[in-house]
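> Please see the structure below; I have some questions.
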Amino acid sequence: MVYNRGNDKINICLDPESGTYSLELLGGALKDMCAAVRLKDGRLLKTTDLWKHEISETQSDEEPGRCRKVCFLHSGGQEWRLVQEFCIYADFLTVSAALLGSRETQSNYIAPLCPGEEGKLDMEGDIRFLSAPFDNDKWAKFVDYPIQHARMSYEFTALHEENSEAGLVLGSVDHDHWKTGFLAETEEGSGITGIRAVCGAATEDTRDLNGIAHGYVHGMNIKSARIFVGYFDSIQEGLKTYGACNAAIRPALPWKGPTPFGWNSFAALMPLISFEKYKEASDFMKSIQDTFHDADGTQYIDYDAGWERFTNKMQETVEYAGANNQKAGAYFCPFIVLEPWFDKEVPGTGGNYLYRDLMLRDEHGEVLPPVDGLYSLDATHPGVLEYMEYVTGKLIQWGYRLVKTDFTGHGCREGVFYNKDITTGVEAYNYGMSHFVRCLSEERAGYPILISLSIAPIMPHGYGHARRISCDSFGSLDQSAYLNNCITYLWWMNDCLYRFNDPDHIVTYKTYDKHTTTPEEGITRMNTGVICGGLMLASDDYGIPAARERSRLVLTNEEVNAVARKGGAFRPVSGARGEFAADVFMRQEEDAVLVGVFNYSLSDERHMEIPLQKLGLSAGERYIIRDLWSRQETKADGGVIRVSLIPAQSTILRITKG
């Protein structure tokens, strides 16, 4: 007899005869599913391989909140048992699987969602599958594939019918041990698709190169991550709910300060950074501080990579910025080393270690291959922890208020770790980053320091106040479009997993090694920063007169800056398909709706009609539409907003009743 439990949105069906289960939701189902675990000796254990299947039910108050927990215990003539837990909440459920043994064992693969012999996804229409990247390195982007061509998605995914906003959202909510991947597996001929969630994903996309495997989790009770499953009228609303579930389990690193405004050196100057160029940027930023500033009236002026060449100027830098009512920022990479540094002494370790002593290695003792030309340090090594303490201690001594923290994903790679209690990349990342956060804590520094993660995994979170939402995105239109691709599917992280999304450096005129951009590209790059909802850090070389002129044009629009100062990401409305970003985004205000519209073409105009109902507005109401760039006002006509954009143009609209 099949056991059914659920509510008006969710039903789980457990079959105690076969050991399979099905998840039935309002818009689709995962049918004839099981769980699977692979042991270190290569044996693959499935719940359906056992003959005794018992069901129990309790109430639970574990995060993210009170739920009905159903346990499905599988046993029979073996030294091990498999147990599945289904936790039912109002709008979603979580699913997990665990291996219980009479003695310690090891596994680097648990699939809490695994198709059985007749397992399949049951959704109508042509289904698309969102492939989310593990991190933001190498210009990784989100791609919404036809499901039969989908690649693995990391930590979360969404499935929906072609041209439908409704869909199924799946994602891991525990990030203590595992890297989790989601696969859509379509049989040739039949076209039947099964969905698999794998705790133990290690691929080139997780920066685990040359076939290195995910580390083994060991114990008498080895449990997968819990997998969030929910069907929503809007997958964007589903992603927001998924984010809130993660934040309830592990809250964001708290930050009480306002949305940061300021300047960073990298896009503008790269290797040309110097104390003199810093002062030049500080003085220019001071000249526009009456409009381009945070809610406290100040700015951050930040060194990126390269400040190590003039450490004798670091204290003077802080003093110079302070005299301009600014806070100084710096840059640090705790988990990487360049090849020329291998035989250099590691600062802060008392002469005990060279960099090569701290490098992460594989099971054969070989140094892991580089990623981005950079070699990985072992995030658990005491020498790395001492190195962190030393560099952060110097920054605190000098008085820096922001630390851009780069290439942290190198600390999440699989390998053999110094600390033998740690066996997976995620465990190492949690260990190393926890120490890093303590090094920059207000308790240690005596004042708050903003930690902004740059190249970093999406999850685990909780180790930065901000995280860059994309890879490097500077000034050209294609980079703005790429940034918006990431905003389309990660907007919900802002003020959820992180206090701020970071849209990278807002280049209004020219990136160091690129051609100059048009005024439209400069304004569009500014608008991408506004809709991202977080850091507003410009980056131009203000020794160039045209760069100063362009920046005054773009950075001093008080109406636009007021929107950015208030913070809050815009959510996508329409236009997203495949690898392409949404071209309409919105943010609900108390007395208005803000809308960002984009033309990603360098050659063609766009004439857009945006239905009021897509913005949550009534087609029968009267509305005044103010363009915050042209400062012109129009009225909605026929239940739509009409917008015309020349090539590379974008704008921000404020819609109010009238």
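> Positive end of the charge dipole of the chain (Lys, Arg +1 and Asp, Glu -1 on Cβ, about the Cα centre): tell me which of ILE487, VAL229, TYR303 has its Cα farthest that way.
TYR303
> Which percent of the accessible area of the chain is formed by carbon and sulfur heavy atoms (probe 1.4 angstrom)? If you can, show how the numbers build up before the last one.
Details: 11890 of 25110 Å².
The C+S portion of the solvent-accessible surface of the chain is 47 percent.
> Another question about this same structure. Exactly which trypsin sites (Lys or Arg not before Pro) in segment 79-139 are in a DSSP loop and have at most 16 other Cβ atoms within 10 Å?
Working: sites: ARG81, ARG103, LYS120, ARG128, LYS138; in loops: none.
In loop regions of segment 79-139 (DSSP not H, G, I, E or B), there are no sparsely surrounded trypsin sites (Lys or Arg not before Pro).
> Would you compute, from DSSP H runs of 4+ residues alone, the mean residue ellipticity of the chain at 222 nm, taking -39500 (n - 2.57) per run and dividing by the full residue count, rounded to the nearest 500? Present the calculation step by step, with values, prior to reporting the outcome.
Working: 11 runs with 126 residues, N = 658.
Taken over the chain, the calculation gives -6000 deg cm²/dmol.
> Given bins 5 angstrom wide, list per bin the percent of all Cα-Cα distances in segment 528-617, short to long.
Bins of 5 Å from zero give 3, 11, 18, 19, 20, 16, 9, 4, 1, 0 percent of pairs.
> How about segment 560-658: which trypsin sites (Lys or Arg not before Pro) there are in a DSSP loop, with at most 11 other Cβ atoms within 10 Å of their Cβ? Intermediate results must be reported in sequence, preceding the final value.
Working: sites: ARG565, LYS566, ARG577, ARG587, ARG606, LYS614, ARG622, ARG626, ARG631, LYS635, ARG642, ARG654, LYS657; in loops: ARG622, ARG631.
Counting only loop positions with at most 11 other Cβ atoms within 10 Å, the trypsin sites (Lys or Arg not before Pro) in segment 560-658 are ARG622, ARG631.
> Calculate the length of the line joining the C-alpha centroid of segment 537-573 to that of segment 56-103, in whole Å.
50 Å
> Seen from all sides and averaged, what is the projected area of the convex hull of the Cα atoms in the chain, in nm²?
On the way: hull surface 121.2 nm².
So the mean shadow area of the Cα hull is 30.3 nm².
> Still on this structure: Short version: what are the Cα gyration tensor semi-axes of segment 227-334, square root of 5 times each eigenvalue, largest first, in whole Å?
On the way: eigenvalues 274, 61, 34 Å².
Equivalent ellipsoid of segment 227-334: 37, 17, 13 Å, largest first.
> In Å, what Kirkwood hydrodynamic radius results for segment 373-511 from the alpha-carbon pair distances? Mind showing how you got there, number by number?
Numbers: mean 1/r = 0.0619 Å⁻¹.
Computed over Cα pairs of segment 373-511, the Kirkwood hydrodynamic radius comes out at 16.2 Å.
> For the cross-link pairs LYS179/LYS223; LYS256/LYS286; LYS279/LYS313; LYS31/LYS179, which exceed 18 Å when the distance is taken from alpha carbon to alpha carbon? Mind showing how you got there, number by number?
Working: LYS179/LYS223 13 Å; LYS256/LYS286 24 Å; LYS279/LYS313 11 Å; LYS31/LYS179 25 Å.
Those over the limit are LYS256/LYS286; LYS31/LYS179.
> Check each of the GluC sites (Glu not before Pro) in segment 504-593 and keep only those in coil by DSSP with at most 11 other C-beta atoms within 10 angstrom; list them in order.
Details: sites: GLU520, GLU521, GLU549, GLU558, GLU559, GLU579, GLU589, GLU590; in loops: GLU579, GLU589, GLU590.
Sparse-neighbourhood loop GluC sites (Glu not before Pro): GLU590.
> List every residue whose amide H lies under 5 Å from the amide H of THR105, counting only residues 5 or more places away in sequence or on a different chain, with H placed 1.01 Å from N in the peptide plane.
HN-HN under 5 Å from THR105: GLY219, MET220.
> Let me ask another. Taking 0.36 nm per residue of separation and subtracting the Cα-Cα distance, what length does fully extending GLU57 through GLU621 add?
Numbers: separation 564, 0.36 × 564 = 203.04 nm, distance 5.04 nm.
Net length gain for the segment: 198.0 nm.
> Compute and list, largest first, the equivalent-ellipsoid semi-axes of segment 437-584 from the alpha carbon gyration tensor, each √(5λ) rounded to a whole angstrom.
Working: eigenvalues 128, 82, 40 Å².
Those come to 25, 20, 14 Å.
> Sequence gap at least 6, Cα distance under 8 Å: using those rules, report the relative contact order of the chain to the nearest whole percent.
This gives 11 percent for the chain.
> Separation between the GLU187 and SER630 pseudo-spin-labels, each 7 Å from Cα along Cα→Cβ, expressed in nm?
5.7 nm
> With every protein chain present, what is the per residue accessible area of the chain (1.4 Å probe, Å²)? Working shown, then result.
Numbers: 25110 Å² over 658 residues.
On a per-residue basis, 38 Å².
> Right, another one. On a 24 Å Cα-Cα criterion, which of the cross-link pairs LYS138/LYS394; LYS404/LYS566; LYS510/LYS566 come out too long?
Details: LYS138/LYS394 31 Å; LYS404/LYS566 22 Å; LYS510/LYS566 27 Å.
Pairs exceeding 24 Å: LYS138/LYS394; LYS510/LYS566.
> Moving on. Report, ordered by chain and residue number, the lysines lying within cross-link reach of LYS635, taken as a straight Cα distance under 20 Å and ignoring same-chain residues fewer than 8 apart.
LYS635 reaches LYS614, LYS657.
> Could you derive backbone 3J(HN,Hα) for segment 72-81 from the dihedral phi with the Karplus parameters 6.51, -1.76 and 1.60 (θ = phi - 60°), listing whole Hz in sequence and x where the residue is Gly or Pro?
Each residue's phi maps through the Karplus curve to give 10, 9, 10, 8, x, x, 10, 7, 10, 10 Hz.
> Residue separation times 0.36 nm, minus the C-alpha to C-alpha distance between ASN419 and ALA213: what's the value?
Extra length from ASN419 to ALA213 when fully extended: 72.3 nm.
> Also: For segment 257-412, list log₁₀ I(q)/I(0) at each q in 0.09 Å⁻¹, using the Debye formula over Cα point scatterers of equal strength and ignoring solvent, two decimals each.
The Cα Debye sum returns log10 ratios of -0.34.
> Largest first and in whole Å, what are the equivalent-ellipsoid semi-axes of segment 1-125 based on the Cα gyration tensor, each being the root of 5 times an eigenvalue? Could the numbers behind the result be given before it?
Details: eigenvalues 117, 59, 37 Å².
Ellipsoid semi-axes (Å, largest first): 24, 17, 14.
> Enumerate the calculated ³J(HN,Hα) couplings along segment 38-51 in order (Karplus 6.51 cos²θ - 1.76 cosθ + 1.60, θ = phi - 60°), each rounded to whole Hz, writing x wherever the residue is Gly or Pro.
So the J values, rounded to whole Hz, are 10, 7, 5, 7, x, 5, 9, 9, 10, 4, 6, 7, 9, 10.
> Then there is this: Mind checking the alpha-carbon convex hull of segment 588-658 and giving the volume per residue in Å³? Walk me through the numbers on the way to the answer.
Working: hull volume 5.7 nm³, N = 71.
Expressed per residue, the convex hull around the Cα atoms of segment 588-658 is 80 Å³.
> State the percent of C-alpha pairs, over all pairs in segment 68-206, separated by a distance greater than 23 angstrom. Mind dumping the intermediate values first?
On the way: 3981 of 9591 pairs.
Result for the distance tail: 42 percent.
> Which percent of Cα-Cα pairs in segment 481-536 sits in each 10 Å bin, short to long?
Reading the bins upward from 0: 25, 50, 21, 4.
> Another one. Can you give the local net charge around GLY383? Use residues other than it whose beta-carbon is closer than 15 angstrom to its beta-carbon, Lys and Arg +1, Asp and Glu -1.
Taking every other residue near GLY383 into account, the sum is -3.
> Hey, another quick one. Scan around ALA582 for amide H atoms under 5 Å from its own, H built in the peptide plane at 1.01 Å from N, and keep only partners 5 or more places away or cross-chain.
Correct list: THR488, ALA576.
The values are calculated or read from the model by the stated rules, or taken from the named source; none is laboratory data. What you see is a predicted model; the values in this text were computed from it and never measured. Heads up, the Cβs are rebuilt from the backbone with ideal geometry, glycines too, and the neighbour counts pull from every protein chain shown. Ligands, DNA and RNA are stripped out before the accessible areas are found, and what is left, the full protein with its side chains, is counted by its heavy atoms. Shrake-Rupley method; radii C 1.70, N 1.55, O 1.52, S 1.80 Å.
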